[in-house]
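**Q** The structure that follows is given in the form of structure tokens.
No value in this document is a laboratory result; all are computed from the given coordinates. All values derive from a computational prediction rather than experimental measurement. Here the Cβ is made from the backbone with ideal geometry for all residues, glycine too, and neighbour counts use every protein chain on show.
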Amino acid sequence: MTAQNPATRDSPASTPQKKAARAITEILAPWVVIVALSLAMALKSTASPWLALLWAAVVAVFSAGVPMKFITRGAKAGRYDTHHVNNREGRGPVLLVCLVSTAIGLTILLAGSAPPAMVIMTWAMLAVLVVTGAITVAGWKISMHAVVSAGGVAMLAFLYGPWALLLLLLVALVSWSRVVLRDHTPGQVAAGGVAGFVVCGALFLWLL
């Protein structure tokens, strides 16, 4: 009998699975979700399409663009393993930059009298960053892919109605991809999904 190759036996998934998982991880990356979510929320809550684009741009730049620029520069410098910052010890500075940048965006929204939904959305992202930051400091690597996607679904459901909850299928899909790539455990993606959905949903329920 031919001995099984240990590398093959221990492989996290077949090559097609891993290719699909990598693609899903990139397509539903937190920064991509935030940009799409910003536009969807702004278009629904703003009468003028031009103002909608403006408010969406503010949120996208300060909650996705600036943090992602910081992350990619750090990854190129070798501070993080990839632009997904899978090494938990590298997440502290990233979360701090996200927190500060998002707070600047919120200040601009408030100063410009942005629609309540955009303001609450940004408050929700700040709350999520505080929660995930505390979990990270405690020594656990919660899935930000799951946090952001689930939180986005909760917020969309308040503006677009219960049909938006069908997007939870995408949350399950991106969670699957993170587990397949062994970047997270099932528990970490489940906790991320619950944290994002509950925190964002609670703030919209309270403030909207």
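**Q** What's the magnitude of the charge dipole for the range 9-134 around its Cα centre, counting Lys and Arg as +1 and Asp and Glu as -1 at the beta-carbon? Answer in Debye, nearest 20.
**A** I would put it at about 320 debye.
**Q** Towards the positive end of the charge dipole of the chain, with charges on Cβ (+1 Lys, Arg; -1 Asp, Glu), say which of V33, S48, G74 has the farthest Cα.
**A** So the residue we want is G74.
**Q** Related question: Taking only the C-alpha atoms, wrap a convex hull around the range 86-208 and report its volume per residue in Å³ as a whole number. Don't skip to the end; give the middle numbers.
**A** Details: hull volume 11.0 nm³, N = 123.
Hull volume normalised by residue count: 90 Å³.
**Q** Kindly state, to the nearest 0.05, the FRET efficiency for K69 paired with W140, given R0 = 25 Å and r defined as their beta-carbon distance.
**A** Details: r = 27 Å, r/R0 = 1.06.
Step by step, r from the Cβ atoms, then E = 0.40.
**Q** When N counts the residues of the chain, how does its alpha-carbon radius of gyration compare numerically with 2.2 N^0.38 Å, as a ratio?
**A** Here the answer is 1.07, to two decimals.
**Q** In addition: Calculate, in nm to one decimal, what A103 and L205 gain on full extension: separation in residues at 0.36 nm each, minus their alpha carbon distance.
**A** So the chain would gain 34.6 nm between A103 and L205.
**Q** Just subtract the alpha-carbon distance of T185 and K44 from 0.36 nm times their residue separation and send over the number in nm, one decimal.
**A** This chain segment gains 47.2 nm when fully extended.
**Q** Sticking with this one: Would you work out if the range 61-129 is rounded, prolate or oblate? Take a ≥ b ≥ c from the square roots of the eigenvalues of the alpha-carbon gyration tensor; rounded if a/c is under 1.5, else prolate when a/b is larger than b/c, oblate otherwise.
**A** Prolate, since a/c reaches 1.5 and a/b exceeds b/c.
**Q** Cβ neighbours within 10 Å, averaged per peptide: list 103-109, 192-198 in order, most packed at the top.
**A** Listed from highest to lowest mean packing, they are 192-198, 103-109.
**Q** Using DSSP to define loop residues, name the chymotrypsin sites (Phe, Trp or Tyr not before Pro) in the range 128-187 whose beta-carbon has at most 16 other beta-carbon atoms within 10 Å.
**A** Loop-located and lightly packed - W140.
**Q** Can you show me the helix-derived [θ] at 222 nm for the chain, built from DSSP H runs with n ≥ 4 at -39,500 (n - 2.57) apiece and divided by the number of residues, rounded to the nearest 500.
**A** -24000 deg cm²/dmol
**Q** Please enumerate, by chain and number, the lysines with C-alpha under 29 Å from the C-alpha of K76, excluding those fewer than 8 residues away in the same chain.
**A** Result set, ordered by chain and number: K18, K19, K141.
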